[in-house]
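Worksheet for the structure shown next.
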Amino acid sequence: MKHKIALITGSTSGIGLGIAEAFAAKGYNIIFNGLEENGSEIARKVAGQHQVDFLFSGANMLQPEALREMVAQGTEKFGSIDVLINNAGIQHVAAIEDFPEEKWNAIIGINLTAAFHLTKAVWPNMKAQKFGRIINIASAHGLFASEFKSAYVAAKHGIVGFTKTAALEGAPYNITANAICPGYVKTPLVEKQIADQAKAHNLPENEVVKKVILAKQAVKDFVPVSTIAELALFLASENATTLTGAALPVDGGWSAQ
């Protein structure tokens with residue numbers, strides 16, 4: 001049975017690495033992506049552990065040509081890309097009047113525009129093979145806003161809207177598109193936010209997790225990466241053919257309030 005191919009951006013750390021490990025464990029060949037200096041070593045280790053093939057690309061999410069080249073290399077090596085998981089993201093916390101314009105542009109570019117370029121690049125092949133799974137890692141901030149996160153909230157709301165459009169256009173070709181909207185996951189991105197939020201809210205760091213980070217979640221705990229990875233596996237499966245255009249909260253009850 002042919003191995004399916006998953007391209008996962010930002011897959012050498014955090015949520016993306018957890019997703020890559022879960023997909024490799026299920027026999028997917030993986031196209032890894034990340035900017036870590038040891039990214040290729042991380043990819044090789046995961047692939048070797050699960051005896052799957054892999055490709056590593058250090059493509060920068062702000063460089064459309066590099067993204068198209070990553071897709072071209074993956075397609076040349078494996079013949080197709082069955083699953084695209086747009087996971088790479090960055091964050092910056094500041095009030096609107098203090099928000100650096102270069103940070104705004106980078107957050108929109110990495111968290112939203114890159115997903116468009118990659119989806120566009122894999123689309124023709126997915127249409128031709130009559131199968132494709134687009135999974136966008138959005139955020140609870142794709143459904144709700146928080147202060148001091150204007151660019152991130154804008155980007156994540158945008159990715160939810162883009163997901164819905166892709167779902168409609170992909171439906172005739174058995175291409176589904178869904179967004180996973182996690183609450184807070186303890187990743188390097190969130191760990192950095194603890195310090196940033198402490199500064200923004202003028203609180204000690206040891207109080208930020210309870211009073212700010214998890215304040216809106218009914219379940220006062222970080223969302224496990226494994227939960228997101230397992231949901232992504234289901235969305236990538238044949239069983240999820242009619243589940244498309246959804247923004248699925250995995251947020252500890254945040255969206256129930």
Arrange the peptides 18-27, 95-104, 64-73, 159-168 so that the one whose residues have, on average, the most other Cβ atoms within 10 Å appears first.
18-27, 159-168, 64-73, 95-104
With 10 Å bins from 0: P(r) over segment 1-120, alpha-carbon pairs, percent
14, 45, 28, 10, 3, 0
Enter the Cα centre distance for the pair segment 165-223 and segment 1-61, rounded to the nearest angstrom.
22 Å
In debye to the nearest 20, how big a dipole does the chain give about its Cα centre with +1 on each Lys and Arg Cβ and -1 on each Asp and Glu Cβ?
640 debye
Cut-off under 24 Å on the C-alpha distance; same-chain residues fewer than 8 positions from K130 excluded. Which lysines are left, in chain and number order?
K2, K4, K26, K77, K120, K164
With T = 37 °C, eta = 0.692 mPa s and Kirkwood Rh from C-alpha pairs, the Stokes-Einstein D of segment 158-254 in µm²/s is about 218 µm²/s
Over its Cα atoms, what ratio of radius of gyration to 2.2 N^0.38 Å does the chain give?
0.97
Based on a Kirkwood Rh over C-alpha pairs, give the Stokes-Einstein translational diffusion coefficient of segment 48-180 at 37 °C and viscosity 0.692 mPa s in µm²/s.
209 µm²/s
Compute the projected area of the convex hull of the Cα atoms of segment 3-43, averaged over all viewing directions, and report it in nm² to one decimal place.
2.4 nm²
How long is the gain from K45 to A25 if the chain were fully straight, where each residue apart is worth 0.36 nm and the alpha carbon distance is subtracted?
6.0 nm
Rounded to one decimal in nm, the spacing of the 7 Å Cα→Cβ label points at Q63 and H201 is 3.8 nm
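Values in this text are rule-based calculations from the coordinates and carry no lab data. Bear in mind that the values here come from a model prediction, so they are computed numbers and not experimental data. Don't worry about glycine lacking a Cβ; one is built from the backbone with ideal geometry, like all the others, and counts go over all protein chains shown.
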